[in-house]
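Input: a single structure, listed below in C-alpha cells.
The values are calculated or read from the model by the stated rules, or taken from the named source; none is laboratory data. Since the structure is predicted, the reported quantities are computational estimates derived from the model, not experimental observations. Using ideal geometry, Cβ is built from the backbone for each residue, glycine included, and neighbour counts are taken over all protein chains shown. The protein model used for the area step is the full one, side chains on, heavy atoms only, and it has no ligands, DNA or RNA in it. Shrake-Rupley method; radii C 1.70, N 1.55, O 1.52, S 1.80 Å.
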Amino acid sequence: MSISQNKFINVSDCTIIDLPKVSDSRGNLVFIQKNSPINIDIKRVYYLYDVPSGAERGGHAHYDLYQVLISISGSFTVHLNDGFESKSFLLNRPDLALLIGPGIWREITDFSSNSICLVLASELYCESDYIRDFNYFMQLRRDEKPQN
Ligand code: TYD
C-alpha cells in the first residue's frame, strides 16, 4: 500500500452521480455496470444498516481508496472535509451516488430508520489504508505542497 499524498483529491472532486434508472408501472430499477456511470474498478461491496438513531459512521479518510455511497433505503448525511474545504450531502434517493476518493475525511450522520448505505469500493479491505486520527489527517493535508 503506497502512502502517497499525491493521490489526494479535494471536496470539489467529490460529486453526485445520477444513476441510470428504468421506471415502469412495476416500479424502478437502477443499474451500475463496469465503468458506467461510475468510473472506478469495484473490488468490494459493503453496506451499513440497522444504524441506531443518533449514531455516526465514518470518522476517517483513506490514502488510496475510492468509494461510492448510495442510499438504497431511507436517508443519511455525508460530511466531507479535505483539510481546507468541507461540504455536506444529503443522500435520500437510490438513484443518486456520491463519489469519495483519497484524502477526504468523511462522517456520516442522521441515518433515518431503516436506512441502508450501500458502498462500492475500489480496493479490498485494508486497515493500513485508513487515516483514523483527525489531527494527523489535517496535518497531512495542510503539509501538502501547492500543485503549481
Ligand atoms: P469502518 O470502515 O471504520 O466503518 P464506518 O466507516 O462505517 O464507520 O469499519 C468498521 C469495522 O468493520 C472495522 O473494524 C473494520 C471492519 N471492516 C471490515 O472488516 N471490512 C470492510 O470491508 C469494512 C468496510 C470494515
Does residue 81 fit the bill of being at pLDDT 95 or above and polar (S, T, N, Q)?
yes
Could you run through region 38-83 and say how many residues are more than 15 Å from residue 112 (Cβ to Cβ) and of a type in the set (Val, Ile, Thr)?
5
In region 10-52, residues that are open to solvent by less than 70 Å² (accessible area, probe 1.4 Å) and part of a loop (DSSP other than H, G, I, E, B) total 10
Residue that is farthest from the chain's Cα centre (by Cα), among those in region 53-82 that are open to solvent by 10 Å² or more (accessible area, probe 1.4 Å) and of a type in the set (D, E, K, R)
56
Output for region 7-52, where each listed residue is touching a Ser or Thr at 6+ places or on another chain (Cβ under 9 Å), more than 16 Å from the ligand (Cβ to nearest atom) and closer than 18 Å to residue 78 by Cβ:
11
Go through region 85-117 and give me each residue that's in contact (Cβ under 8 Å) with a residue 60 or more places away in the chain, within 30 Å of residue 34 (Cβ to Cβ) and assigned to a strand (DSSP E or B).
87, 89, 96, 97, 98, 99, 100, 108, 116, 117
Looking across region 57-84 at residues that are in a loop (DSSP other than H, G, I, E, B) and under 17 Å from residue 131 (Cβ atoms), the single one that is nearest to the ligand (Cβ to nearest atom) is 65
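Somewhere in region 125-138, is a residue away from the ligand (no atom under 16 Å from the Cβ) and touching a Lys or Arg at 6+ places or on another chain (Cβ under 9 Å)?
No: region 125-138 contains no residue that is away from the ligand (no atom under 16 Å from the Cβ) and touching a Lys or Arg at 6+ places or on another chain (Cβ under 9 Å).
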Only one of these conditions is not met by residue 120: (1) within 16 Å of the ligand (Cβ to nearest atom); (2) part of a loop (DSSP other than H, G, I, E, B). Which number is it?
(2)
Would you pick out the residues in region 85-110 that are open to solvent by 20 Å² or more (accessible area, probe 1.4 Å) and within 11 Å of the ligand (Cβ to nearest atom)?
107
Cβ pairs under 9 Å, 6+ apart, first in region 121-143 and closer than 16 Å to residue 58 by Cβ, second open to solvent by less than 80 Å² (accessible area, probe 1.4 Å) and in a helix (DSSP H, G or I)
131/137; 131/140
Could you tell me whether residue 142 is within 23 Å of residue 13 (Cβ to Cβ), of a type in the set (D, E, K, R) and within 13 Å of the ligand (Cβ to nearest atom)?
no
For the condition over 12 Å from the mean Cα position of the chain (by Cα), of a type outside the set (Gly, Ala, Ser) and farther than 13 Å from residue 107 by Cα, what is the one hit in 13, 50?
50
